[in-house]
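This report refers to the structure that appears directly beneath it.
The values are calculated or read from the model by the stated rules, or taken from the named source; none is laboratory data. Since the model is a prediction, treat every value here as computed from it, not as a measurement. Counting neighbours? That spans all protein chains shown, and the Cβs are built from the backbone with ideal geometry, glycine included. Note: accessible area is taken over every heavy atom of the protein model, side chains too, but ligands, DNA and RNA are not part of it. Shrake-Rupley method; radii C 1.70, N 1.55, O 1.52, S 1.80 Å.
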Amino acid sequence: MTALTRWIRRNLVVIAGLGTLAYLTLPNVVVLVFSFNKPNGRFNYEWQRFSTDAWTDPCGVADLCGSLSLSLKIAVWATIGATVLGTMISFALARYRFRARPAVNSLIFLPMAMPEVVMAASLATLFLNMGVDFGFWTILIAHIMFCLSFVVTAVKARVMSMDPRLEQAAQDLYASPAQTFLRVTLPIAAPGIAAGALLSFALSFDDFIITNFNAGSTVTFPMFVWGSAQRGTPVQINVIGTAMFAVAVLCVLVGQLAGARRKRS
């Protein structure tokens, strides 16, 4: 056995991990590179020449920033609604025993198991039968409904791993129920709540299938990208995608640094 073979066997897990990371990062690198492209035609698929025009004027395409702001607004409100409802449902399922608990557990996880197009068509049918006008509110309700399952999954796992003796100790020290929840329960459950909220925001912001069924004439950023891909992809889409990816990476790094600092202290 050669030295190279031994080295590969010894570092096989690291090599596989780096290869997977490179595979996942490559599309984002391509988007970054082509955000500095200046295509000759309407489609930004072939490299022509370096330019920073799209970065200096990210809203240069009509309706792009309007659809982006709408998607961000929907994502924020969907995150708030799904996080609040999901957190309350998680505590109810983890802390209380009631007759319909198994059925509620099954129904909560059903949206995660069914195809997204099925849920989209079902919601569209519901809104049509109720005579609701499609637009901002139908998109928001649909997003809250499909984000809810992911929040419950994240928060419930955190709540079930909590040590009940910590809350009992707070009560023994004459803490009121509100004080116990705010100073003991909520800080322990906060990582699960934050994970559910971040997941909800990401899912809501880039959703296309459910939004397309329930948007009517409203155009969100994913729908704008889909429509642009058929008649010409502006470079500004790459700019927005790169900026969103950079913000996501920054949030992860800040969380990692904060966690490392908390462990050292």
Fill in the blank from the handout: When every residue in region 101-123 that is of a type outside the set (Ser, Thr, Tyr) and closer than 19 Å to Val159 by Cβ is compared, the one most open to solvent (accessible area, probe 1.4 Å) is Leu107
Problem - Residues (closer than 20 Å to Phe109 by Cβ and open to solvent by less than 50 Å² (accessible area, probe 1.4 Å)) located in region 135-152 - result: Ala142, His143, Ile144, Phe146, Cys147, Leu148, Ser149, Val151, Val152
Handout entry: Total residues in region 101-125, condition touching a Leu at 6+ places or on another chain (Cβ under 9 Å) and either of a type in the set (S, T, N, Q) or free of Cβ contacts under 8 Å to residues at least 40 places away in the same chain (or both)
Key = 4
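This table checks each residue for (1) under 20 Å from Leu64 (Cα atoms); (2) open to solvent by less than 40 Å² (accessible area, probe 1.4 Å).
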position: Phe213; (1), (2): no, no
position: Pro234; (1), (2): yes, yes
position: Ile237; (1), (2): yes, yes
position: Val249; (1), (2): no, no
position: Val252; (1), (2): no, no
position: Gly259; (1), (2): no, yes
Handout entry: Close pairs (6 angstrom Cβ cut-off, 6 or more residues apart or separate chains): in contact (Cβ under 8 Å) with a residue 12 or more places away in the chain in region 208-232, surrounded by 18 or more Cβ atoms within 10 Å (Cβ to Cβ) and part of a loop (DSSP other than H, G, I, E, B) anywhere
Key = Thr211/Thr220
Practice task
Could you list, in sequence order, all residues of region 58-99 that are over 18 Å from the mean Cα position of the chain (by Cα) and open to solvent by 50 Å² or more (accessible area, probe 1.4 Å)?
Solution key: Cys59, Ala62, Asp63, Met88, Arg95, Tyr96, Arg97, Phe98, Arg99
Handout entry: Pair list, Cβ < 6 Å and 6+ apart or interchain, from region 18-31 residues that are open to solvent by less than 80 Å² (accessible area, probe 1.4 Å) to residues that are assigned to a helix (DSSP H, G or I)
Key = Asn28/Phe245; Val31/Asn238; Val31/Gly241; Val31/Thr242
Fill in the blank from the handout: Among residues of region 124-134 being touching a helix residue (DSSP H, G or I) at 6+ places or on another chain (Cβ under 9 Å) and not in a helix (DSSP H, G or I), the residue surrounded by the fewest Cβ atoms within 10 Å (Cβ to Cβ) is Asp133
Exercise for the section: For region 153-163, indicate whether the set of residues that are farther than 26 Å from Leu70 by Cα, open to solvent by 50 Å² or more (accessible area, probe 1.4 Å), in contact with a helix residue (DSSP H, G or I) (Cβ under 6 Å, 6 or more places away or on another chain) and not in a loop (DSSP other than H, G, I, E, B) is non-empty. Expected result: yes
Practice task
Give Ala258, Ala170 a once-over and let me know the one that is in contact with a Ser or Thr (Cβ under 8 Å, 6 or more places away or on another chain) and assigned to a helix (DSSP H, G or I).
Solution key: Ala170
Fill in the blank from the handout: Across (1) out of contact with any Gly (no Cβ under 7 Å at 6 or more places or on another chain); (2) over 29 Å from Leu24 (Cβ atoms), Gly216 clears everything bar (1)
Exercise for the section: Please indicate, with yes or no, whether at least one residue in region 192-206 is open to solvent by less than 30 Å² (accessible area, probe 1.4 Å) and of a type in the set (Asp, Glu). Expected result: no
Practice task
Report yes if Trp47 is open to solvent by 80 Å² or more (accessible area, probe 1.4 Å), touching a residue at least 12 places away in the same chain (Cβ under 8 Å) and assigned to a loop (DSSP other than H, G, I, E, B), otherwise no.
Solution key: yes
